[in-house]
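J.: Questions regarding the structure given below will be posed in turn.
Please treat every number below as a calculation from the coordinates, not as lab data. These figures come from a predicted structure and were not determined experimentally.
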Amino acid sequence: MKKKYQNGFFIFGLIVLIVMASQLNYKEVWEGVQRAGYWFVNVLVLWGFLYIFNTATWYIIINSIGNEQGVCRKCKVGFWWLYKITVSAFALNYATPGGLMGGEPYRIMSLSPKIGTQRASSSVILFVMTHIYSHFWLWLLSVPLYILTQKMTPLSCIILPIIAAICLLVIWFFTRGYKRGIAVTGMNILSHFPMVKRWAQPFVERNREKLAEVDAQIAALHNQNPHTFVAAVLLELSCRLLSTLEIYFILLVIMPEVTIPQCILIYAFTTLFANMLFFMPLQLGGREGGFLMSTEGLSMTAQAGIFVALLVRLRELIWTAIGLLLIKFDKKER
């Protein structure tokens, strides 16, 4: 990636990070860290481990999709270099309103010199699809988990079927996108939105052949490499499930009786609520509100929700800072 683009990503992310950090109450943060003790260190280490899962998903996708013309099939991308790009990309997504507007262009621009623009674009689209796809599977699986482990109320009897229906609809849409490709369809949909159609319509016309090639590479992963497709989805779903250990570690400090199913439900509900507010940098407010509602919904105290939200926010800020620093240490892979 050219140095000016690298610096642009870094400066943009740093400005947003400073703004987000300024919103913290540092007295509460310090008290929370002191109370959590080594469990907070475990949380930070956990996320270093979870990013390996994300990297592994992207890595197997890159090495499974077709190559664009002129790109050598044997061209390999180093796993730990890809890990660094993954951490930086998630840092940019955390700091960017709308999420994917920061990290995914960074992924494509970093990877393109190694494997070509079309193959890099296909791999990033596939990774994002798989990442989102796994979230909807988690939310869907959380519905029967709630029914089996929690007391049903009239409100939950209404909300749970709605969540299940929406998840099934989105899973069907993504499965169809995997089979047929989603690039052309997605751009055609964008071309009908008033705010972006002036840009999207000419883009589709100029790049129809390239978009079709991207779709062919996306469909090939599902149709020609079904085992790779299943492995990628299971890796991302496993990452979502293991993410609940963060909540478990934090709640153990104040609630030794907390259970893993409770933490899965807290994580599922919180991420669902936060993603409804995707347009906010670092999902500011949405994440905290999700923790408060999910803990109260599971008959926990509001204090537990605030405690978890505070430490999760601090973890996000620390890993965002790490990801931004890694942008500045981007050297050519040897």
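J.: Show me, for the stretch 53-58, the HN-Hα J-couplings you get by feeding each phi into the Karplus relation (A = 6.51, B = -1.76, C = 1.60, θ = phi - 60°), rounded to Hz, glycine and proline as x.
T.: Rounded to whole hertz, the list is 4, 4, 5, 4, 4, 5.
J.: Scan around ASN63 for amide H atoms under 5 Å from its own, H built in the peptide plane at 1.01 Å from N, and keep only partners 5 or more places away or cross-chain.
T.: none
J.: Pull up all non-local amide H partners of THR259: gap of 5 or more, or a different chain, and H-to-H distance under 5 Å with H placed in the peptide plane.
T.: Long-range HN contacts for THR259: none found.
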